[in-house]
1. Based on the alpha-carbon gyration tensor of segment 33-82, what equivalent-ellipsoid semi-axes (square roots of 5 times the eigenvalues) come out, in whole Å, largest first?
2. So, in nm, how far is label residue 80 from label residue 53 when the simple model puts each one 7 Å beyond its Cα toward the Cβ?
Amino acid sequence: MDSRRISQQPVVSWLTDAQGRPIIYISDMGLADRETAIKTIFHEIYHQESRRVWGHGGTEAQAEEYGERMLAEYQRRTGRGS
Ligand SMILES: [Zn+2]
């Protein structure tokens, strides 16, 4: 899915609060375990930051790569995981 299609979707994560801060909803599945939660949260952060900086949410592949990279960073810093 290209970024233009993503930005044109009525994506729930584009909701903002009264101060304009993004509201991100994450399903139970996205919080299934520590690693999944970290990847999911950073995946959504990528979309939000891309939207803020570039005006679109970026691609799913980019968001997935960022989530994986942040999980690896978490594991490196904490010694948790593989
Ligand atoms: Zn995504």
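1. They are 23, 9, 8 Å, listed from largest to smallest.
2. About 2.6 nm separates the two model spin labels.
Read-outs: derived from the displayed coordinates by stated rules, not from any lab. Remember, it's a predicted structure, so these values are computed and weren't measured experimentally. As a convention, Cβ positions derive from the backbone with ideal geometry for all residues, glycine included, and neighbour counts pool all protein chains shown.
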